[in-house]
Amino acid sequence: MEIKVMKNIMHANQKLAEENRDYFRSKGIKAVNIMASPGSGKTSTIMKLIDAFGDKAHVAVVEGDIASSIDAEKIDKLGNPVVQINTGGGCHLDANMIKSAVESLDLKEGAILFIENVGNLVCPSSFDLGEGIKMVIASVPEGHDKPYKYTSMFEAADIVVLNKIDLMPYIDFDKDSFYKGVKALNENAEVIEISCKTGEGIDKLAQWMLTAQVSHNRP
Ligand SMILES: Nc1nc2c(ncn2[C@@H]2O[C@H](COP(=O)(O)OP(=O)(O)OP(=O)(O)O)[C@@H](O)[C@H]2O)c(=O)[nH]1
Ligand SMILES: [Mg+2]
């Protein structure tokens, strides 16, 4: 019985995700689902990318958190359109939440829509939002073993960002092991190292994002 209910939820989510994807495709919008642990640097990365894009892209943001509008306030200060979704305990965003959020954002043709998912390395990977790009952020203090433990997240990624590389000298982070873990799951994923603190790698990531081809036929 429980399985049937779960199947129905997934089916309903998938249908809405396809509607979102059609909408994004019709307006040439690059929707990026950003998934990562709490505190890995999702909001910091979005803010750095907005700065790096300059006038090369219109950027709108959907912020997903269990509670608070802290992250949306940070984006609002930059002057970019932003909607905060509070899941009230839910550990991931779903397609219906994105549909409602997008209705209240005046998205421009060809815009980039960053969707900051709830901080969690498990649940977000199971829920298609209609995005064209899945971006996973790992950060140095979390350790190099994350691809081995949270496989579905890394399997699905189009791009894996390794953030907080400024902390490398202080943490026992085995970069070779990290890369091996990612490549074993997903040999096509681009891996880009960045530091939101020093700005290292941000231009490379911005360039990747501006030129990335959207997979409109995912998930
Ligand atoms: N040293 C260092 N600190 C960073 C870097 N990027 C982010 N931080 C810090 O890490 C903390 C969390 O950053 P956020 O960008 O809020 O992370 P988040 O993933 O959005 O967090 P949640 O939304 O709470 O899940 C903040 O104190 C940032 O200043 C980095 O590259 N290096
Ligand atoms: Mg955040």
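A few points about this structure:
- Among the residues of region 119-139, those that are more than 16 Å from ligand 2 (Cβ to nearest atom), small (Gly, Ala, Ser) and open to solvent by 10 Å² or more (accessible area, probe 1.4 Å) comprise Ser125, Ser126.
- Meets criteria (closer than 18 Å to Glu131 by Cβ, within 15 Å of ligand 1 (Cβ to nearest atom) and open to solvent by less than 10 Å² (accessible area, probe 1.4 Å)) for Gly90: no
- Matching residues, region 1-49, being of a type in the set (Gly, Ala, Ser) and either within 16 Å of ligand 1 (Cβ to nearest atom) or modelled with pLDDT of 95 or more (or both): Ala17, Ser26, Gly28, Ala31, Ala36, Ser37, Gly39, Ser40, Gly41, Ser44
- Pair list, Cβ under 6 Å, 6 or more apart: region 191-205 residue within 9 Å of ligand 1 (Cβ to nearest atom), other residue open to solvent by 30 Å² or more (accessible area, probe 1.4 Å) and hydroxyl-bearing (Ser, Thr, Tyr): Cys196/Ser44
- Among residues of region 143-185, those that are among the aliphatic types (A, V, I, L, M) and open to solvent by 70 Å² or more (accessible area, probe 1.4 Å), counted: 1
- Scanning region 22-47 for residues being under 20 Å from Pro141 (Cα atoms), among the β-branched types (Val, Ile, Thr) and part of a strand (DSSP E or B) gives a total of 1.
- When restricted to residues that are touching a strand residue (DSSP E or B) at 6+ places or on another chain (Cβ under 7 Å) and either open to solvent by 10 Å² or more (accessible area, probe 1.4 Å) or acidic (Asp, Glu) (or both), region 6-38 contains 1.
- Taken over region 58-87, residues that are surrounded by fewer than 16 Cβ atoms within 10 Å (Cβ to Cβ) and touching a residue at least 40 places away in the same chain (Cβ under 8 Å) amount to 1.
- The criterion of being part of a helix (DSSP H, G or I), touching a residue at least 12 places away in the same chain (Cβ under 8 Å) and not basic (Lys, Arg) holds for Ile50.
- Region 164-203, residues that are more than 18 Å from the chain's Cα centre (by Cα) and charged (D, E, K, R): Asp166, Asp172, Asp174, Lys175, Asp176, Lys180, Lys183, Glu187, Lys197, Glu200
- In region 105-118, the residues that are away from ligand 2 (no atom under 16 Å from the Cβ), acidic (Asp, Glu) and modelled with pLDDT of 95 or more: Glu109
The values are calculated or read from the model by the stated rules, or taken from the named source; none is laboratory data. Quick caveat: nothing in here was measured; it's all calculated off a predicted structure. No Cβ is skipped: glycine too gets one built from the backbone with ideal geometry, and neighbour counts run over all protein chains shown. In case anyone asks, the SASA skips ligands and DNA or RNA and just uses the protein heavy atoms, side chains included. Shrake-Rupley method; radii C 1.70, N 1.55, O 1.52, S 1.80 Å.
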